[in-house]
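> My structure is below; once you've seen it, I'll send some questions.
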Amino acid sequence: MKQDSARLLAAKALMRCEKSGYSNLVLASMLQKSGLSARDRAFASRIVYGTVERQLTLDARLAPFLKQPLNTMMPELRAVLRSGLYQILYMDSVPTSAAVNEAVQLTRALGKGSASGFVNAVLRKASQAQWQPEAKTEEEQLSQLYSVGLPVVKLLKAAYPDKIEALLQESFTQPKLTIRVNTLKTTAKELAVSLSADGVKVSETGLLNALVLEDAGDITRLPQFTQGLFHVQGLASQLCVAALGVKPGDRVLDACAAPGGKTATIAQTLCGQGSLSACELHPARVKLIETLIARIGAQNVTARAQDAAVFDPAIGEMDKVLCDVPCSGLGTLAKKPDIRYKDLQDLPKLIKIQGAILDTAAQYLVPGGSLVYSTCTINPKENELVVQEFLRTHPEFTATDTGIAGFGEQKLGAFCLFFPQGGQDGFFIARLTRAEKSAPASFK
């Protein structure tokens, strides 16, 4: 009965996702109000994320058994058919007969009982049929096989023709839960022992103070979390901070800071010395940064609402600047399934914003200072091409070695590109240094 409630919540979440955006935000809001047990919350989450992740494949497998296109059907039926077939094909713990029967019950619970026979028949036929993509082009075939929209497939195939299928396959790898040890309060060894005692499996990443957790459950309920002994931060994000080379006493700017993971790691590296300004475009997200900084007990950190593409002389001069700019997120398909279906129409506008942020951030940097430009995408137009254009128009800056090695990086001259691998995101890092004797920045 409880799993029935989980399935009903999952179906409603899928319908809401079609109207109002990202699955993680929709699901988090609904689970918070659901009253479901931890096990049922996990069950519902698996259905929602899995159905979104495999949507194009599910739709292609359902299509031969439908008299009308799936996108013209009632949203309740779309949610039931997709989530039911997902359970049959991809959840070994759910027998086919159970998935079909529960889908029929779910159809009735959603007020569409007259379609219960239709749902029963379609799911049984779709689950038994042999399937091959019906596609005219290689891109269309890849799109159906790996459930990634054509615009994303075409972009990745153009950029990496020899890696395209491996990249798409990697998008189904289970993301790793990586954390950053709060060195202001504990050590990696002490935290690992404490978490292990509570039944959490802990492993090292190769990066100092970066750990991977398994079997952690709801980490916000762990005492180590509430005590501020760690915060969640992907390996990519931590490597960006490592490349910045912050030292105690530095004046540092985190130009695009929310939700605050990079800010927290920089603050810990400063050890209460120097200063850190964390800027975020949206005022509501500034509170996320402030909450995290308070939990970890960092000092000398100022969070503020500020458009990173607009220069503000009140921010002052900086020794180090981190520009982890907004991007297409194509290195995070495994973690953020909604990105699979981006139409990329706004990409030219986004690239202009990235260039503007980099240009603006550089104006805060003192001679001899360093800046890191980073993204969580593997799109060359958002990565090396943005940086190369900046270097062309700013001769006082040079690309210098990131200091990052041993994490599967691909060297692009001085730049580092990381393809998605083993549950870690794909991302890009460039470290730029301003000449010691360069003229003062010409503020715009």
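> Pick from Thr265, Thr96, Thr51: which residue has the top mean-square fluctuation in a GNM of the chain where Cα pairs under 10 Å get a spring?
The residue that fluctuates most here is Thr96.
> Before rounding to the nearest 500, sum -39500 (n - 2.57) across all DSSP H runs of length at least 4 in the chain and divide by the residue total; then give [θ] at 222 nm in deg cm²/dmol.
That comes out to -13500 deg cm²/dmol.
> Any lysines with Cα under 22 Å of the Lys154 Cα? List them, leaving off those in the same chain fewer than 8 positions away.
Lys136, Lys163, Lys335, Lys336, Lys342, Lys349, Lys352, Lys381
> For the range 104-213, with only Lys/Arg (+1) and Asp/Glu (-1) charged at the beta-carbon, what is the dipole magnitude about the Cα centre, in debye rounded to 20? Don't skip to the end; give the middle numbers.
Working: 13 positive and 10 negative charges, 95 e Å.
The calculation lands at about 460 debye.
> Still on this structure, I have one more. Can you compute the FRET efficiency between Ala135 and Thr226 using 1/(1 + (r/R0)^6), with r the Cβ-Cβ distance and R0 = 45 Å? Round to the nearest 0.05.
Once the sixth-power term is evaluated, E becomes 0.35.
> In whole percent, and with a 1.4 Å probe on the protein chains, what portion of the accessible area of the range 1-126 is carbon and sulfur?
Carbon plus sulfur share of accessible area: 51 percent.
> Can you give the longest run of the chain that contains no GluC sites (Glu not before Pro) sitting in a DSSP loop with at most 13 other Cβ atoms inside 10 Å?
Here the longest segment lacking exposed loop sites spans 135-435.
> Roughly how many debye, to the nearest 20, is the charge dipole of the chain about its Cα centre, given +1 on each Lys and Arg Cβ, -1 on each Asp and Glu Cβ, and no other charges? Before the final figure, lay out the partial values.
On the way: 49 positive and 42 negative charges, 249 e Å.
For the chain, the charge dipole is close to 1200 debye.
> Just the number please: accessible area per residue for the chain, 1.4 Å probe, all protein chains included, in Å².
Each residue of the chain exposes 46 Å² on average to a 1.4 Å probe.
> Moving on to the next point. At a Förster radius of 30 Å, what calculated FRET efficiency corresponds to the Cβ-Cβ distance of Lys19 and Asp346, to the nearest 0.05?
After rounding to 0.05, the efficiency reads 0.90.
> Could you give the nm distance between label points at Ala435 and Asp312, where each point is 7 Å from its Cα heading toward the beta carbon?
Reported label-point gap for Ala435 and Asp312 is 3.1 nm.
> Taking the Cα centre of the range 72-226 as the origin and placing charges on Cβ (Lys, Arg +1; Asp, Glu -1), which of Gln130, Phe225, Gly113 is farthest toward the positive end of the dipole?
So the residue we want is Gly113.
> With a 1.4 Å probe and every protein chain kept in, tell me what percent of the accessible surface of the range 287-444 is carbon plus sulfur.
Using a 1.4 Å probe with all protein chains present, the range 287-444 comes out at 55 percent carbon and sulfur.
> Let's test the formula: R0 of 60 Å, r as the Cβ-Cβ distance of Arg304 and Phe172. What FRET efficiency results, to the nearest 0.05? Could the numbers behind the result be given before it?
On the way: r = 39 Å, r/R0 = 0.65.
It comes out at approximately 0.95.
> Name the residue from Gly272, Thr183, Gly297 whose Cα lies farthest towards the positive end of the charge dipole of the chain, charges +1 on Cβ of Lys and Arg and -1 on Cβ of Asp and Glu.
Farthest along the dipole direction, towards plus: Gly297.
The values are calculated or read from the model by the stated rules, or taken from the named source; none is laboratory data. What you are looking at is a predicted structure, and each value in this text was computed from that prediction instead of being measured. Please note: Cβ atoms are built from the backbone with ideal geometry, for glycine as well, and neighbour counts cover all protein chains shown. Protein only, heavy atoms only, side chains kept; ligands, DNA and RNA dropped before computing areas. Shrake-Rupley method; radii C 1.70, N 1.55, O 1.52, S 1.80 Å.
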